[in-house]
Structures are given as structure tokens and as C-alpha cells.
Amino acid sequence: MGVTTSNRKRSEECMSVNHNLNLNHTISSSSSDYRRKRLKFSSETTRIVSTSYAVVSRISRYPDIKPPFVREVHAPCRPKKFDLARKVSSFGAGEDIMGNFLVRNYEKAKRVALEECRLVSQREKVVIDLDEESGGREVLDDSDMMEVIQVDDSKAKVDGLEGKGKVVEIGVQRRLASSPDSALTNAIVNLEEHDLSSVQVYKKLLEGVQRRTDTIQSLNFQIELNEKRRETFQLLRPKKELVEEVPFEPFIPLTDDEEHEVSRAFSSNRKKILVAHESSNIELSGEKIRCLLPGAWLNDEVINLYLELLKERERREPKKFLKCHFFNTFFYKKLISGRDGYDYKSVRRWTSQRKLGYNLFDCDKIFVPIHQEIHWCLAVINKKDAKFQYLDSLKGKDNRVLKVLARYLVDEVRDKTGKDIDVSTWEKEFVDDLPEQENGFDCGVFMIKYADFYSRGLGLCFNQEHMSYFRRRTAKEVLRLRAD
């Protein structure tokens, strides 16, 4: 027969080591009688006993159970829920554990104080209100690091800290911080050392960091906006005009010998011929050359001779100067001498190929002196830039001069080449940015110097102050029959 079993749970004593040893002893004692007395158990019973013996022998080999090693934790940790023995030990072991109202009131006062704490700077008294819905104000400067001071037990009175609105002062030590975030991070860590269960303090500080980030982003936007405005103002600001470098050649000072030569010519006999130009048949006496003295008007002979010298200068150095033609002071008067104010036939032979030695239309610029009763002006047929220009030292304008010269150029090209040109697209310019006359007698000198600088390909970089020098220089060039 088999052994009858029960479904009831075994007691814990059956698994103990002592019980196993007793069982082992019983088995060993009964085994001695096995030879004398036959066992009445079946084979199944024998198998069960042998199996139990093997289990017990294996369990006896295991080492004794040792309690886990309790190590000291060097970090903030959440207090155990039911571990009140440690708290009771500070107040006395004789108190009731579950009824210790002093422990409960102490923890409650401490939690309320930390939730409603305000950070106060020792120097500037900057306060962070953590009990407000907005999250408080700014924490500290960027160079400050916060250090939380533990609240003394004497200050944490039960009756005094139960109310709302109590303040815990936090000392602030002036230190150098690597960034504003490091100060807030240290403050959060120090707060967690005292009460990790207070999540509200952490949330309040986190909201303060977020507001600080938003403020910095707003300031960055304002900085970028102001930079763009500054760039716009820089573009709108008028740029300084680039001062053109003044060339040296047109302003070479006269030597002592040249100064003496000019002075002798001005003081010579009025009727004495000082200069005779063969190609133009122009002769200048002492009386005529005195028109170059300061305060005198230039006459036709001096102007025409100087223009001839400018043409000769170009022939000597064609690569240095523009190819130009200089009409004399009688050309324009002859051109407008007709009944309708225009007579091309009267000047048709003035520009023949045999007489000039070149084609007039091949020139870059053609200079025409204009005499307005008592005032000298200059007109320019500027083929190089397709312009008809009018230069007046008194900023005057005369449309008739430019129209007459445009008509003359068309007739001249048709007569000499048999071609018709269209000058309707050419610009008619009254030059404004030119040196202006400041008296009533230097118009002739301005006019010949306009032609001088334009034939050099230069800008008009002179003014009224240079007129005295230009008069003496022109006298020197006329006396020597050579324009420099």
C-alpha cells in the first residue's frame, strides 16, 4: 500500500536544520534494526525516505545566511516610511513611537519653512519669493553662487513656523561662477540636501531658470535688431567724398629765373614785340601780355596763342594727352553770323584735311571758346563721351550754343565724309561741378584752364586761389612758346 498524504501545508519547522538532523538520527537508528526486523513499508516509502535524506544533506552544505551589509550612504536619500526609531532616539527612547507628536510637528514645520523660503543676498538683499504664483523674482547676479545655510533647530519653533509666510534667510557668498546656470544648479542641490520631498522648491527654481532664459533671448533679439538698425543708418549716412589726388604737373612752381623773366615782360615797353608765333601769325607786344597781370581781362591774342600751344603740346606727346582740336575765339562768332543765326559755309574751309592735317571727327574732344559780350565761356564737343558740354565759371547756361554746335557737327561730317550721323541721343550737359569764379576778371583764365585740364584727361581740381599762379605760368609759357 502507498503512504497516505495530506494536502495541508507543511509547517516551517520541517524545513529547519535541527529537524533535518533529528530525522537523520532517526533514520540512522532505524537502519540498525533493519537487519533484525523487516520493514513493513512498501518500496514507495523507501524511495521517499532516501530522497528526503539527499535533500537534507545538500542543504547542510550551504553556508549560513548572513544579514546584508549596511553601508553608509553619502548622498541625500528619502527617509524610510516606517523607520521612526531613528527619529525617536533623538527625543528619547521611552516615548510612544506612533504617538510622538513632537516628531510630526518638527517635520511639518521644516517642510513649511523650506517651501516658503526666500533667498536673501547679504549685500544687495535680493529676495526670491518662492511662495508666489509667478515663481519669484530674479535670483542673483551672474557672478554669484548661492550657498544654503541649514536652519537651526532653535529657529524652527513649532508654534512660530506653523503659520504661512515665514522666511528662511539664505546666506550668499560672493564667488566667481562660470555661468548663471551654475548658481541655480548649486542652489537646487543644496536645497535637495535638506528636503528632497519638497518638489515645489525645485519647480519654482526651474521656472526661474526658464524666465531667465527667455529674458536673455529677448535681450539677444534686441541686440540683433539694434545692429540691423545701425547698419541701415550707416547706409543712409552720406559718404565722404573721395578727394581726388591732385596731379603735380599742372601745378609745378616757377623757378627764380622764370619769375624774373615774367616780371621783366610785365614791365617792358608796351609797343615792344615780345612774342611772335609763326604758324598762327600771332604777335604779342608788351601791352597785350600785361592782360595776364592780376585784375586784368584776357584778350583774344593771348587766348588764341595759348590754345595753339596746347595743340602743339599734344603733337609732341600724343600718348600723354588726348587728341583734341582747339578753335580760336573767332570761330563761334563766324558760325552764328548768318541771318537765321547759323552759317556753316562761313567756316566750312576752316577744318579742311589739307589745312589741319587730320580729320576733325577723329578727335576725342573739340574745344570752342565762347565770348558772351564781356564774359568768356567754353563749349566742348565731347565725341569720346557723346556729349555736348557747356562750362561757365559763373554757372551760366546757354542752350543755343549747344544746339548750334550739334547742327555744326552733323554738317561737318556730311561735308567731309558724306555720311549722316545722329546726335539726338547725345547728352547736352551744363557742367556744375567745376571751379567757380569769385571775382569779375578771371573768367578768361578759368576758360583756358578748363581746356588745359580736359585735354590732359584730368578733372577740374583747382579753384580761385590758383588764379594768380596760373596767370604767371601762362605768361611764362607764352613767352617761351611752349605749354607744359
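Here are some notes:
- Accessible surface of the stretch 270-323, 1.4 Å probe, proportion on carbon and sulfur as whole %: 48 percent
- For peptides 204-212, 336-344, 217-225, sequence by mean Cβ density within 10 Å, most packed first: 204-212, 336-344, 217-225
- Net charge of Cβ neighbours under 11 Å - reference S346; Lys, Arg +1; Asp, Glu -1: +4
- The stretch 400-425 residues near the modelled R354 label - backbone nitrogen below 19 Å, point 7 Å along Cα→Cβ: 415-418
- Measuring r between the beta carbons of Q234 and D484 and using R0 = 41 Å, the FRET efficiency lands at 0.40.
- Take the Cβ atoms of K395 and E227, set R0 to 45 Å, and the FRET efficiency comes out at 0.55.
- Inter-probe distance in nm under a simple model that places probes 7 Å from Cα toward Cβ, at K323 and E249: 1.8 nm
- Distance (nanometres) between label positions extended 7 Å along Cα→Cβ at N269 and I216: 9.9 nm
- The shape of the stretch 348-433 comes out prolate: with a ≥ b ≥ c from the C-alpha gyration tensor, a/c is at least 1.5 and a/b beats b/c.
- Taken about its Cα centre, the stretch 228-339 carries a charge dipole of about 920 debye when Lys and Arg each add +1 at the Cβ and Asp and Glu each add -1 at the Cβ.
- Peptides 257-264, 383-390, 299-306 ranked from most to least packed by the mean count of surrounding Cβ atoms within 10 Å: 299-306, 383-390, 257-264.
- Based on C-alpha pairs under 8 angstrom that are at least 6 apart in sequence, the stretch 337-381 has a relative contact order of 22 percent.
- Length added when fully stretched, D433-E283, from 0.36 nm per residue minus Cα-Cα: 50.5 nm
- Where the stretch 417-484 is the region considered: accessible area per residue in Å², 1.4 Å probe: 43 Å²
- Were the residues from E312 through C461 laid out at 0.36 nm apart, the gain over their Cα-Cα distance would be 51.3 nm.
- If only the Cβ of Lys and Arg carry +1 and only the Cβ of Asp and Glu carry -1, the dipole of the stretch 333-425 around its Cα centre is close to 240 debye.
- Approximate spin-label separation V410-K345, in nm, with each point projected 7 Å along Cα-to-Cβ: 2.0 nm
- Calculated FRET value between K108 and L206, using beta carbons and R₀ = 22 Å, to 0.05: 0.35
The values are calculated or read from the model by the stated rules, or taken from the named source; none is laboratory data. The model shown is predicted, which means the values in this text are computed figures rather than measured ones. Glycine also receives a Cβ, built like all others from the backbone with ideal geometry; neighbour counts cover every protein chain displayed. When the accessible area is computed, the model is the full protein with side chains, heavy atoms only, and any ligands, DNA or RNA have been set aside. Shrake-Rupley method; radii C 1.70, N 1.55, O 1.52, S 1.80 Å.
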